[in-house]
Structure formats: C-alpha cells, structure tokens
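This report refers to the structure that appears directly beneath it.
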Amino acid sequence: RKEVEQDPGPFNVPEGATVAFNCTYSNSASQSFFWYRQDCRKEPKLLMSVYSSGNEDGRFTAQLNRASQYISLLIRDSKLSDSATYLCVVNPTTGTASKLTFGTGTRLQVTL
Amino acid sequence: GAVVSQHPSRVICKSGTSVKIECRSLDFQATTMFWYRQFPKQSLMLMATSNEGSKATYEQGVEKDKFLINHASLTLSTLTVTSAHPEDSSFYICSANLAGGLSLFGEGSWLTVV
C-alpha cells in the first residue's frame, strides 16, 4: 500500500462546478498535512494546510479525519485557473528535518 | 517572507559534463534541504536529504557519486549532476521545511542533456 494515495484523475469539470478530492495516508503517527498545487512544468506551491477542525480559504475547504486517515479538498465555483495537479502531502512530524510524503497528485481540468 | 530560490531555472549541457544547481533559503536558515526529481506526468521523487555541515542522505537507488550534494552553509545547498547523460534530463526541485512542517519549494531547474 502506498503511503499516500490519491485518485490521479483527471477530473474534468465545467466552470462553476464543485469538485472534491480525497487522499488517504498510511502512517497514523503523521503530524502535519497539506494540499499543494502544481501547475504544468512548475514547482509545487502551498494551497493550504489541513487541520482536524477543517479550514476554509475562499472557495477552498480542507478537512482532516485522523480516525480514518483521510484528507479532503473541496473546491467550490471552479474557475478555469483552478486547472492544475493537486498534491496531498503528509509530514510525519512538524519539524524541519523530516521527509514529506507526496501523493501522486490529482489532475483537475476545468472547462468552459 | 521566507522563500526558497533555485538557480538556474533551465540548463542544457553536453553528455559527459557536470552541471551544478543551487538552492538558497531566503529570510530563513535551513539546516536541512531536500532534492527531488520529477519526470513528466509523474510524482516528485525524493533523491536525497541535504544536511548542513555533514553528508547528505541518499534515497535507495540514487547514486551519491553521480549526484553530489554540498550544504556548506545554512542558506545554500548545491546539487551537481556529474558526467551527465541524456537519461538525467529531468526537472530537479529543492525544498526546505519551515517550523510546523510546511515545505517551501524552489522554482525548479529543467536539465536537458544533449
């Protein structure tokens, strides 16, 4: 079993749609969780951190379920500019020296 | 604010030559940096962990004599691809973690070996 699993997609959705991505992780001791966005031929950029209490940033909502070892990202009112690959990232600690574990990414294509 | 800067963004070199890629932390110190490579449509693959003042830790299957890593200061790590071959052509990315586990990535370096 992979340490972090994501559906690779692609998810093709029309503009304005709501889309949800899920991610599961195997290390129950993991401490910090993130969603990153990676555009084609660019580096990953932080979209948002993920907390058990859930957090929202504009059209984006992230949720962590520690019991199920499951992370989600919800995008409302999709824009063309949301087209990218979304990476689920898990860190075993909150420290600066630990290696992150990446999902393979979920590709989103928003169309007119 | 804290940024990770990588240079060069693109480089083309001839087979058999060596190429150096620099990764700098700006506005923060990074005792640990990470080097990744990414092939088209694939996930990031961790190559090595760069440790300031000591030897890098390489992932299984990564040749340490081919991918030389030097982390001589708290703000700079370098990756040198030695005796480059066309199959080394890839996107190389560095990162450093901030407190809280958040990772900042450099802009990435596209290496083409001809």
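The values are calculated or read from the model by the stated rules, or taken from the named source; none is laboratory data. Keep in mind the model is a prediction, meaning the values are calculated, not measured. Backbone-built Cβ (ideal geometry, glycine too); neighbour counts: all protein chains shown.
The residue that is surrounded by the most Cβ atoms within 10 Å (Cβ to Cβ), among those in the range A:70-94 that are at pLDDT below 95 and among the polar types (S, T, N, Q), is A:N91.
In the range B:1-106, counting only strands (runs of 3 or more DSSP E) that sit wholly within it, the ones holding 3 or more residues that are aliphatic (A, V, I, L, M) span B:19-26, B:45-51, B:67-73, B:76-81.
Given the condition within 14 Å of chain B (Cβ to nearest Cβ), within 18 Å of A:N27 (Cβ to Cβ) and not in a strand (DSSP E or B), answer yes or no: does some residue in the range A:68-85 qualify? No; the residues of the range A:68-85 include none that is within 14 Å of chain B (Cβ to nearest Cβ), within 18 Å of A:N27 (Cβ to Cβ) and not in a strand (DSSP E or B).
Select from the range B:43-73 the residues that are closer than 11 Å to B:T31 by Cα and polar (S, T, N, Q) and write down the one among them that is surrounded by the fewest Cβ atoms within 10 Å (Cβ to Cβ). Going through the qualifying residues, I end up with B:S54.
For B:R24, indicate whether it is farther than 30 Å from A:E5 by Cβ, buried (at least 19 other Cβ atoms within 10 Å of the Cβ) and either touching a strand residue (DSSP E or B) at 6+ places or on another chain (Cβ under 9 Å) or more than 14 Å from every other protein chain (Cβ to nearest Cβ) (or both). Yes, satisfied.
Rundown of residues vs (1) more than 14 Å from chain B (Cβ to nearest Cβ); (2) in a helix (DSSP H, G or I); (3) aliphatic (A, V, I, L, M); (4) without any contact (Cβ under 8 Å) to a residue 12 or more places away in the chain, yes/no style:
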site: A:T94; (1), (2), (3), (4): no, no, no, no
site: A:S98; (1), (2), (3), (4): no, no, no, yes
site: A:T104; (1), (2), (3), (4): no, no, no, no
site: A:V110; (1), (2), (3), (4): yes, no, yes, no
